[in-house]
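S.K.: So that we are looking at the same thing, I have put the structure below in structure tokens.
The values are calculated or read from the model by the stated rules, or taken from the named source; none is laboratory data. This one's a predicted model, so the numbers in the text were calculated from it and none came from an experiment. Every residue, glycine as well, gets a Cβ built from its backbone with ideal geometry; the counts of neighbours run over all protein chains shown.
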Amino acid sequence: MKNLFYAVITFIGIISFNACEPPVTLNQNASLATIKINSIELEGFHADTLVYNFELPFGTTEIPTIEATTAFEKASVNIINTTTLPGSTTISVTAEDVSVNLTYVVNFTTDSGNEDATLLALLVDDVALEDFSNEVSEYEITLPYGTTEIPVISANLTDPNATFTIVQANELPGTATINVVAQNISFTKTFTIQFKIEEPTNTQLICRTEWLINKAIMNEEDMTSEIGTVKFLFKEDGSLIITSEEVEQDTWKFNEEEDQVIVESDGMTIILSIIELTENSLIIKYTIPEEEDINMHIEFIPVNTDNQTKNTSVNSTYKLLTK
């Protein structure tokens, strides 16, 4: 009986002792203290902000490394990294009290690149094109008559991250094309340069080679046999040297400011004008005082064709200067 009494007293004491212990409380802090991207703390991080947008440099292909530190040491972290860019990495935080969770999200994007597809300068044979503007996409350049060498186009980019390709002209007349692609390849510009050849001046057109008169028709009458052998030599200085059986050499000078040549012959003033010049023929109008104008149509045979112009038929008024 005595033993039973002590056992009851001991049990009651144990119950009383346990009843006095405070209950265990688990920490519910599921916040983060820091987020690091590639070992660098995320700028603007705040524990209460759960979503972040982070832009990576243009061209980034490697998935960033995420590190996270909990505000309470007994909380746990699980990081699920994105597998693509753009993409999102999630950071799940579980407090010591596992019923409390927070999820942080970092959305990754990549810089799309500069959109500048402009040029600082457009160059023709290393000389900057005057009045170039990125607002103008088509240009026309007139080259001097007789130009045979095709100009070379080059360009200077405004943004060194952009690229360009040039398709040079392959003939004259011809067109060169410059295609500019910005770093962001959605932005492009195309410039074209059309090369033309200057229309020849009168002097330039008739400076060809030495010709023999093949046929001469004066006011519809064939005068070939009467004229005999006559050579015409057109020189680059604008002079026309005429050699015939009767006259050893005669020279007339062509000029851009006069439209006729005045010849004094037998006390008469005769005015000669070239009114039409084609690839192999010439029409000369003779104006003689108190006489009807005479048109002389001359057909030529080139003596040597090394420098013969390739111009086809040209109809115009060509100017002469007195000899």
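S.K.: Kindly indicate the residue of the stretch 185-223 that is of a type in the set (K, R) and in a strand (DSSP E or B) and also modelled with the lowest pLDDT among those meeting that condition. Write out each step before concluding.
M.R.: Kept after step one, since they are of a type in the set (K, R), are these residues of the stretch 185-223: 189, 196, 208, 215.
This time we only want the ones that are in a strand (DSSP E or B), so: 189, 196, 215.
Working: K189: 97, K196: 96, K215: 71.
Out of the qualifying residues, it is K215.
S.K.: With respect to L26, is the statement that it is part of a helix (DSSP H, G or I), outside the structural domain of A95 (by TED's automatic domain parsing) and at pLDDT below 95 true? Walk me through how you get there before you give the answer.
M.R.: Details: part of a helix (DSSP H, G or I): no; outside the structural domain of A95 (by TED's automatic domain parsing): yes; at pLDDT below 95: yes.
So L26 fails the test.
S.K.: What's the total number of residues in the stretch 51-61 that are outside any strand (DSSP E or B) and loosely packed, with under 13 Cβ neighbours inside 10 Å?
M.R.: Going residue by residue through the stretch 51-61, those that are outside any strand (DSSP E or B) are 57-61.
Then keep just the ones that are loosely packed, with under 13 Cβ neighbours inside 10 Å; that gives 57, 59, 61.
Qualifying residue count, the stretch 51-61: 3.
S.K.: While we're on this one: Can you work out which of the residues in the stretch 155-184 that are of a type outside the set (V, I, T) and part of a strand (DSSP E or B) is surrounded by the fewest Cβ atoms within 10 Å (Cβ to Cβ)?
M.R.: Pass one, the stretch 155-184, residues of a type outside the set (V, I, T): 155-157, 159-162, 164, 168-174, 176, 179, 182-184.
From the residues that got through so far, the ones that are part of a strand (DSSP E or B) too are 155-157, 164, 174, 176, 179.
Details: A155: 17, N156: 12, L157: 17, F164: 18, G174: 14, A176: 22, N179: 15.
If we take residues in the stretch 155-184 being of a type outside the set (V, I, T) and part of a strand (DSSP E or B), then N156 is surrounded by the fewest Cβ atoms within 10 Å (Cβ to Cβ).
S.K.: Select from the stretch 142-154 the residues that are in a loop (DSSP other than H, G, I, E, B) and more than 17 Å from the chain's Cα centre (by Cα) and list them in ascending order.
M.R.: Within the stretch 142-154, the subset in a loop (DSSP other than H, G, I, E, B) is 144-152.
Hits for the stretch 142-154 are P144, Y145, G146, T147, T148, E149, I150.
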